[in-house]
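Participant: Pasting a structure here, questions to come.
The values are calculated or read from the model by the stated rules, or taken from the named source; none is laboratory data. This is a predicted model, so every value here is computed, not measured. FYI the Cβ positions are ideal-geometry reconstructions off the backbone, even for glycines, and counts take in every protein chain you see.
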Amino acid sequence: MPYFVETQNLIAMKTEILAYFSENWSGSKDELAEVIDALNIKTIKKGTILVQEGAVSTLCYYILKGCVRQYILEDGIEKTTAFYTENQAVVPFQTYLKGKPSNHFTVCLEDVTAIVGNPEEEKEMYRKFPNLESLTRTMIEQDFRLQVIWELRPNRLAESGVGLLRSRVELLVFFELYAFKQ
């Protein structure tokens, strides 16, 4: 279970979420405010493993602030496969939705503020706020497009680095620290 710390600036974070969600929200402003109040926002300490290889994860994360690294172990060597930052979801689909053990690790590279959820909470939120499901789909589609652009492939690190420079400059430091050590 990840180690959560108290979110100190929760009001400011909720204001940012409101602005971001408003772009794609089809319901009323009052309903959106209710959704945001119901979100489980946590700050997770640097070094916390969110997804453990071989374990079944029951949590998903939508990153509001910070950076998360996904990696696999091959012959005892860590191989970075992805980075996640602001406005991206960390959802280990095979384990979260299908209950299968994870084939990778996911770790916080710095303190991360995220919306944290599980399948039961997600279903209840969709039931209570029907407009939330279409917003979530839109966000996942946008996130998926970004991931396709710069997902790391160990045999094509140079291309991955160029993609990062074009789309996610803030990841360059982490890319240099982890991707080139492979």
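Participant: Taking the residues in region 102-133 that are hydrophobic (A, V, I, L, M, F, W, C) and in contact with a strand residue (DSSP E or B) (Cβ under 7 Å, 6 or more places away or on another chain) as candidates, determine which candidate is surrounded by the most Cβ atoms within 10 Å (Cβ to Cβ).
Facilitator: Step one: of region 102-133, the residues hydrophobic (A, V, I, L, M, F, W, C) are 105, 107-109, 112, 114-116, 125, 129, 132.
Imposing the further condition that a residue be in contact with a strand residue (DSSP E or B) (Cβ under 7 Å, 6 or more places away or on another chain) reduces the set to 105, 107-109, 112, 114-116.
Numbers: F105: 19, V107: 18, C108: 25, L109: 19, V112: 26, A114: 30, I115: 17, V116: 19.
Once the filter is applied, the top-ranked residue is A114.
Participant: Can you tell me how many residues in region 94-113 are modelled with pLDDT of 85 or more, out of contact with any Leu (no Cβ under 6 Å at 6 or more places or on another chain) and either assigned to a strand (DSSP E or B) or hydrophobic (A, V, I, L, M, F, W, C) (or both)?
Facilitator: Applying the first criterion (modelled with pLDDT of 85 or more) to region 94-113 yields 99-113.
Then drop every residue that is not out of contact with any Leu (no Cβ under 6 Å at 6 or more places or on another chain), which leaves 99-105, 107-112.
Now narrow it down to the ones that are either assigned to a strand (DSSP E or B) or hydrophobic (A, V, I, L, M, F, W, C) (or both): 105, 107-109, 112.
Going through region 94-113 one residue at a time, the tally reaches 5.
Participant: Pairs only if they're at least six apart or on different chains, beta carbon under 7 angstrom, first in region 113-137 and over 14 Å from V90 (Cα atoms) and among the polar types (S, T, N, Q), second surrounded by 13 or more Cβ atoms within 10 Å (Cβ to Cβ) and at pLDDT 90 or above; list them, first residue then second.
Facilitator: N131/E31
Participant: Which ones in region 35-54 are buried (at least 20 other Cβ atoms within 10 Å of the Cβ) and in contact with a Cys (Cβ under 8 Å, 6 or more places away or on another chain)?
Facilitator: I44, L50
Participant: Let me ask something additional. Mind telling me which of the residues V91, V5, V56 ends up being hydrophobic (A, V, I, L, M, F, W, C), farther than 19 Å from I140 by Cα and at pLDDT below 90? Can you show your working first?
Facilitator: Working: V91 fails: farther than 19 Å from I140 by Cα; V56 fails: at pLDDT below 90.
After applying the criteria, what remains is V5.
Participant: Shifting gears a bit: One residue is enough: does region 61-72 have a residue meeting the conditions of a type in the set (V, I, T), under 17 Å from I17 (Cβ atoms) and either over 13 Å from the mean Cα position of the chain (by Cα) or in a strand (DSSP E or B) (or both)? Walk me through how you get there before you give the answer.
Facilitator: In the first step, residues of region 61-72 are kept if they are of a type in the set (V, I, T); the result is 63, 68, 72.
Cutting the leftovers down to under 17 Å from I17 (Cβ atoms) gives us 63.
Then drop every residue that is not either over 13 Å from the mean Cα position of the chain (by Cα) or in a strand (DSSP E or B) (or both), which leaves 63.
Within region 61-72 (the criterion being of a type in the set (V, I, T), under 17 Å from I17 (Cβ atoms) and either over 13 Å from the mean Cα position of the chain (by Cα) or in a strand (DSSP E or B) (or both)), the answer is yes, since at least one residue qualifies.
Participant: Shifting gears a bit: Criterion first (free of Cβ contacts under 8 Å to residues at least 40 places away in the same chain and surrounded by 15 or more Cβ atoms within 10 Å (Cβ to Cβ)) does Y84 satisfy it? Spell out how you get there, then give the answer.
Facilitator: Details: free of Cβ contacts under 8 Å to residues at least 40 places away in the same chain: yes; surrounded by 15 or more Cβ atoms within 10 Å (Cβ to Cβ): yes.
Criteria met by Y84.
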